[in-house]
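The values are calculated or read from the model by the stated rules, or taken from the named source; none is laboratory data. Keep in mind that what you see is a predicted model, and the values were worked out from it rather than measured. Quick reminder, even Gly has a Cβ in these numbers, built from the backbone with ideal geometry, and neighbours come from all protein chains shown.
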Amino acid sequence: MKEINDVAPSSLSHVACESNRGVIEQCRVAIDAAFEDDRRLDDILLTGPPGVGKSSLSYVLSQEMAVPFHEVLGQNLRTPADLNNLLLSCESKAICLIDEIHEAPQAIQTALYMALDKRQIMVRGGSSIQALPIADFTLVAATTEPYQILEPLRQRAKLHLELSFLSEKDLILVVERRCRGLSWDIEPQVLPEIARRARGVPRLALRLTASARRVARADGRTLITVADLQRACHLEQLDTLGLGPLEQKYMRLLMDGPRRVNVLASALGVPAKTLTSVTEPFLIRAGLVDKDDASRRVLTPEGHRHLLGNGDEIVPPPPSDGT
């Protein structure tokens, strides 16, 4: 049986879609130029919201260039030794992805761009300091917060690629590709329902697909149906826009009128930062919630329609044991 990792995208055609067409074209041009000049790919600053495929694209670039791939989280580069071990492990022309690079300490970011400039690192051996050469590899600095990266490091990237949220049409394409690669049977009607709940995020679309298939397999079936997706969403308490319990409660609190974020946070029992950085972005982007002149959160007409859609929009929580 094929596993998820067995069908990881390996070429630009596997990740191409209308929403990221410009990024893919930039990559094609950069790869062709690198092959023509027999050199490594230019260093890349890769930005975009979580879940839109930054890591997948970085791996695809290594496959297109036919070079080794190295990946590390920025938060795991805490000491000079961590950085040196990574840089010394990279081969010539290899792709080195540092994901969420803004989480690396500023001292590490400084050491990184100095190492890239000189193509060497400084290590202490006994009482002396030695310069060790590093290979001419390609750095892919991936981040959701590009302006938290030191400016000199940002400036050293010759390619700036920005991935965005995907359209529902493109999310359908993503799910079709994954199901085809895994030989999963899925009803065509399920695809737009998944796309509508996925918030423009391919990672979320694939997770919902896997959840629906899990429901089907638990019932001894191989075909993924709309009923399977509905059951999966019922179990996870997701509504028809993919809103979870916290988001649903947040919107219901606004039914009575505008509220400040600290009041909402207190009522929901979560930090205000969680609301502003996790809960609110999609609600605002989807036009369900807005801010008034006093920065109070207000429910938009679209938000009201969603909550009052004849009771169809809110998925009730599954019954507790014993009911």
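What to note about this one:
- Listed by first and then second residue, the pairs with beta-carbon distance under 7 Å, at least 6 apart or on different chains, first residue in the stretch 165-191 and in a loop (DSSP other than H, G, I, E, B), second basic (K, R), are S183/K2; W184/R213.
- Filtered residues of the stretch 132-148 (kept if touching a helix residue (DSSP H, G or I) at 6+ places or on another chain (Cβ under 7 Å) and touching a residue at least 60 places away in the same chain (Cβ under 8 Å)): L139, V140, A141, A142, T143, P146
- Residues that are within 19 Å of A135 (Cα to Cα), touching a residue at least 24 places away in the same chain (Cβ under 8 Å) and of a type in the set (V, I, T) are absent from the stretch 51-66 altogether.
- Complete set of residues in the stretch 41-62 that are surrounded by fewer than 18 Cβ atoms within 10 Å (Cβ to Cβ) and either over 19 Å from V174 (Cα atoms) or outside the structural domain of L139 (by TED's automatic domain parsing) (or both): D42
- Checking R203, R213, R221 one by one, the residue that is more than 20 Å from H304 (Cβ to Cβ), of a type in the set (D, E, K, R), surrounded by 13 or more Cβ atoms within 10 Å (Cβ to Cβ) and without any contact (Cβ under 8 Å) to a residue 24 or more places away in the chain is R221 and no other.
- Boolean, A157 is outside the structural domain of S277 (by TED's automatic domain parsing), crowded, with 18+ Cβ neighbours inside 10 Å and either in contact with a Cys (Cβ under 6 Å, 6 or more places away or on another chain) or small (G, A, S) (or both): yes
- Residue selection: S13 fails the criterion of being more than 16 Å from the chain's Cα centre (by Cα) and farther than 28 Å from L173 by Cβ.
- Inter-residue pairs, beta-carbon under 7 Å, first in the same structural domain as P281 (by TED's automatic domain parsing) and in the stretch 252-266, second exposed (fewer than 11 other Cβ atoms within 10 Å of the Cβ) and among the charged types (D, E, K, R), 6+ apart: P258/D292
- For I98, the criteria (1) loosely packed, with under 14 Cβ neighbours inside 10 Å; (2) in contact (Cβ under 8 Å) with a residue 12 or more places away in the chain hold in every case but one, which is (1).
- The stretch 1-92 holds helices (runs of 4 or more DSSP H) entirely within its bounds, and those carrying 2 or more residues that are among the β-branched types (V, I, T), modelled with pLDDT of 95 or more and over 29 Å from A111 (Cβ atoms) map to 21-37.
- Residue match in the stretch 264-273 (condition: surrounded by 17 or more Cβ atoms within 10 Å (Cβ to Cβ) and touching a strand residue (DSSP E or B) at 6+ places or on another chain (Cβ under 8 Å)): yes
- Considering residues of the stretch 170-199 that are over 21 Å from V7 (Cα atoms) and charged (D, E, K, R) only, the residue nearest to the chain's Cα centre (by Cα): R199
- Residue in the stretch 73-80 that is surrounded by 19 or more Cβ atoms within 10 Å (Cβ to Cβ), closer than 16 Å to D43 by Cβ and in the same structural domain as G48 (by TED's automatic domain parsing) present: yes
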